[in-house]
Structures are given as C-alpha cells and as structure tokens.
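One structure below.
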Amino acid sequence: MSIASYLYIGFMALVGTAVLTWIALWIFPRIGLMDKPHKYGLKRKPIPYAGGLIFYIVFLVLASCFLEFSTALMGVIVGALILLSVNFIDDVRGLSPWPRLMAQGAAALCVVLSGVRAESLTNPLGGTIDLTGLEVSFGVGEHLFVISLISLIVTVFWILAMVNTMNWLDGLNGLPSGVTFIASVILFALAVRPDFHYIDQTQTAVLAIIVAGIALGFWFFDFSPAKILMGDTGSMFFGYMLAVLAILSGGKIATAFLVMGLPILDFGWVILRRTISGKSPFKGDLRHFHHRLIKAGFSERKSLFAIYFFCMAFGGTALFLGTGQKLIALVILIGLTGLVGGWLVYNEKA
C-alpha cells in the first residue's frame, strides 16, 4: 500500500470518530450515559461518558473493510470486544477491580491463542532472547494449539501492563488520546519504514493508522475542557491496541516502552508506593505524575503538553536508534523521570 492509501484510512478513522462523537453528544445524555462528577468530589455538571464505544465501532468497521480476515485479526477483535463489554458495565454501574482484571486476562489470552504473541526480544547486548521455551499443546475441537509458557506469560503481562497504564493515565482530559496518537503514529512510521522489516507490516500499519485517526478524532472533543469522556472503555482500548501493535510490528516492545516510558514508570511507581504504604494497588488517588504537575503550579494544558513532549522526544528517537542505543535512551528517560519526580515531591512537601 502507498503512504497516501494509509493516510486515507487514517483520515476515514478521524472523520468517522468525529462524526460519531458529535452524534454521541446528542444521544448519550438522552440514554443516561453521563459521568458522575460528584463521585470524585467535582462540582461541575455531568458530561457524556463511555466514548470508548465509538472507538470500537470505528475500529471494527475500518479493520473489516481494509484488512483481510485472519485468525490474528479475529483474536484482536474478540479481545477488544471482551474489554469493551466488561468496561462498559463498569462505566455504567461500577465493578470491583477483579472482574475487570479477569476481562483483561481473557482479552490477552484471545490475542495469544490467535497467534499474536512475543516470541523473542532483542538483546541490547547483541542477538535475541528466545521466548519459545516450555511449550505446551492442547486441542479445542479440530484445532491444536502449541504455546510457549514463557511467551504466553510475557505477552499477557505486557498487555495487562499497557492496558492499566493507559487507564491510570486517564486523569487529565486529552491525555490518553494525545499519548495514543503520538505512540500509534510512531509505530506506524516504523511499520512503513522501507527495507526495515523481514515480515509484511501492512496489517500493523493499517491498524496503527486507524488507532491514530481514532485518537486524534476524539482528542478534539476530549481536550480540556472536555465535551465528552472516553471512560474505561476508551482508555483500556487504547492501551490494549498499543500493546498489540508493539507485538504485531515484530516485537517493537522497546519502542513502545520508550514512547510510553513516562506513563509506564509512573504506573510502576504508583503500584510500589501503594503497596509499601499498605494500600491496595487498585485504589485510586490523586498522586500520579500528571496530578503532581498540577500541584506544582502547572496548568492542565501545560501538564498535558509536558507529557506529550516526553512521549514525542523519546518515542521519536526510537525511529533512529539501534537496540543498544534504545537501552541508553531508556536509562536517560528513567533518570530524567526520577529527577523531575523528585522535584515534584519536594515541591509538594515544601
């Protein structure tokens, strides 16, 4: 496919998302799909909620139109539907963390069983790390599945980490949609980079540009002050698709990690902090990186663009760096995040 063809698909995703979101602004209030600001101590009026329903519709339609049917694509679609269904119930009625976590695991298993899994990782010191050991086989009807336990564990962990990272990032209007747009554009650029891959990247490129178009189309409504919220149906869909795209693109997990490095590090730090303090890692608070930026005196928009800059700067370098250089970039990212985080904590206590 030509670049123009890919951009046409991305434009279709953008327009489709924008049109459906505009329609949702009229329909959702009439069917009760509104957020509950009082639940979080907010004094504003309720606004339309669960915009992630739109993401799945656009994704399903365009993927069906522009990609050939495959077991891998079906696994991704079914996994996304599982996430959508459970998270929609959570958005409307509220669920405990465990059903949501089980749905995430089921979605990840759908992906693995469809053949989309990390089978190797590039070793920054040279060569690759094989993940295909400890194979098990089982039959379902006439189908025989042979799966590496190591590959399964790594893939499921990666998907769950990305899903929850993006969900926890949904604390500022425009943050998940903006970061997803940046990440998916970078993964798209890698997928269409000439003479760079030994496997066909058409499916990855199409899915990446669809996700980019969806994210940008919704960003115009999601950016502060938001006219509609994506809810868990949207944030987890974005995290799920970025995780899947990193695997589909030939194991570009290191690239995705660089783009999402700041949110992922914040995700890990929050879990560690809550666990050490004896709190449940699933119990939310207002001490994420973006919350600390606001407490330090940044406006919501400045906080957004600061995080956008981090993601673009380190994600952009992934387009030109080798594996060893990406490791150095990751170390620099960790160091910078630690310095900025330390300054924010000090500023908060001062």
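Values as computed for the structure displayed
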quantity	calculated
Matching residues in the range 249-282 - criterion: being within 14 Å of the chain's Cα centre (by Cα), assigned to a helix (DSSP H, G or I) and within 18 Å of residue 121 (Cβ to Cβ)	253, 255, 256, 257, 258, 259, 261, 264
Some residue of the range 80-98 being over 30 Å from residue 227 (Cα atoms), more than 17 Å from the chain's Cα centre (by Cα) and surrounded by 15 or more Cβ atoms within 10 Å (Cβ to Cβ)	no
Filtered residue count, the range 142-172, keeping only those that are free of Cβ contacts under 8 Å to residues at least 12 places away in the same chain and either touching a Leu at 6+ places or on another chain (Cβ under 6 Å) or part of a helix (DSSP H, G or I) (or both)	2
Residue in the range 107-128 that is surrounded by the most Cβ atoms within 10 Å (Cβ to Cβ), counting only those that are among the hydrophobic types (A, V, I, L, M, F, W, C) and modelled with pLDDT of 85 or more	107
Number of the condition not met by residue 272 [criteria: (1) at pLDDT 75 or above; (2) buried (at least 16 other Cβ atoms within 10 Å of the Cβ)]	(2)
Selection from the range 13-38 of residues that are closer than 18 Å to residue 188 by Cβ, of a type in the set (A, V, I, L, M, F, W, C) and surrounded by 19 or more Cβ atoms within 10 Å (Cβ to Cβ)	13, 14
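Residue by residue, here is whether (1) without any contact (Cβ under 8 Å) to a residue 12 or more places away in the chain; (2) of a type in the set (Val, Ile, Thr); (3) over 30 Å from residue 130 (Cβ atoms) holds:
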position	(1), (2), (3)
14	no, no, yes
23	yes, yes, yes
52	no, no, yes
55	no, no, yes
60	no, no, yes
83	no, no, no
106	no, no, no
116	no, yes, no
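The values are calculated or read from the model by the stated rules, or taken from the named source; none is laboratory data. Keep in mind that this is a model prediction, so the values were computed, not measured. Ideal geometry is used to build each Cβ from the backbone, glycine not excepted, and the neighbour counts take in all protein chains shown.
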